[in-house]
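Written out below as structure tokens is the structure these notes cover.
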Amino acid sequence: MIDLHVHLRGTLTPTMACKLAERNSISLDAARWAAKGYGWHDFTSFLQAYDHIASVIATAQDLEEVAYDYLSRSAQLGTTYVEFMLSPPDLMRVGVAFDDQLAALSAARERALELHGIDCRMIATAVRHLGPAAATQAARLAVGRRHDILVGFGLTGDERMFPVGDFKEAFSIARSEGLRATAHAGEHLGPDTIIEAIEVLGLERVGHGIRAVESEVVMRQLASAKIPLEVCLTSNLALNLYPSIGKHPIGRLNAAGCAIVLGTDDPSFFSTDIEMEYSLAAGVGLSAHDITAQANTASFRAILPSRH
């Protein structure tokens, strides 16, 4: 199994969050803490809960522990490869330099690979609702480093904020230095926004992209271009985008020839893991073998070229 869409800070278990909160003297909201999935009820409150819980990660050591924890748990399920999404400026704001973030993830990767046989890479992300200037800053930060764990650049956050064209400069900067490109699109907005994001940002994969099912034209374009969709089934159900797995469009997207890969998104917030995602997909007719083969092809694991 391969997990190609997972936000690193979204893997924080209550046990790990409690440990880090205590270590860093951070108070967590009791109501959120006690509730399943940290107590969100819609996408806006999910984003708020995410920021609140993720604030317990305050040092490079914390980041390394969280990454290793997820990798070791994933390996026990049979996962062989993970691509983490992480927004470098988030931790820089609390004093963790980007170089230290990369070193922490590399240390977690090396330990997990040695002890559990699972590998990983990182996609540096910009947060859409923070605006295009912040995205451009994140892209410049990402391309200023050369590290084999850093392979991609992405756009996360609230896709209802800012036109996708506002992020063209950020993605041009990232792609010009060899970073692979993905972005959230077609989760909360319609199918046309998926094609727009692919064309404007130069995407090689699309985060979510499930709303493509609403347009035969868009599905044909995705199938023809072989642009994989990073589908996160439990996340889609938890956020009430679809009422049940039977109503989820993954089967129709697959039947239309769209390339499908799977991710856990924010597994601790949605009470899932990659084994559950594969199991749900199998229940609507997608084989684990086919999904893993697609994921191997779609992964960004190639090492970046050296700076001239």
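Odds and ends about this structure:
- The order of Met122, Met1, going from fewest to most other C-beta atoms within 10 Å of their C-beta, is Met1, Met122.
- For the residues Asp100, Asp90, Asp42, a GNM of the chain with alpha-carbon springs under 10 Å puts the largest fluctuation on Asp42.
- A viscosity of 1.002 mPa s and a temperature of 20 °C, combined with the Kirkwood radius over Cα pairs in Stokes-Einstein, give a translational diffusion coefficient for the chain of 111 µm²/s.
- Using only alpha carbons, the stretch 74-183 has a radius of gyration to Kirkwood radius ratio (Rg to Rh) of 1.00.
- The dipole here belongs to the stretch 231-308: it is taken about the Cα centre, uses +1 on the Cβ of Lys and Arg and -1 on the Cβ of Asp and Glu, and is about 280 debye.
- Only Lys, Arg (+1) and Asp, Glu (-1) charged, at Cβ; the chain dipole about Cα centre in debye: 300 debye
- Rg ratio (alpha-carbon, reference 2.2 N^0.38 Å) - the stretch 1-142: 1.04
- Given charges at Cβ of Lys, Arg, Asp, Glu: the chain dipole, positive-most of Val96, Thr44, Thr297: Thr297
- Working ranking of peptides 159-166, 184-191, 64-71 by packing, defined as the average number of other Cβ atoms within 10 Å per residue, highest first, is 64-71, 184-191, 159-166.
- Whole-number Å³ per residue for the convex hull built on Cα positions in the stretch 168-308: 118 Å³
- For the chain, the mean residue ellipticity at 222 nm estimated from helices alone is -14000 deg cm²/dmol, where every DSSP H run of n ≥ 4 contributes -39500 (n - 2.57) and the total is divided by all residues, rounded to the nearest 500.
Bear in mind that the values in this text are calculations on the coordinates, not laboratory data. Just so you know, these numbers come straight off a predicted model, no measurement behind them. Heads up, the Cβs are rebuilt from the backbone with ideal geometry, glycines too, and the neighbour counts pull from every protein chain shown.
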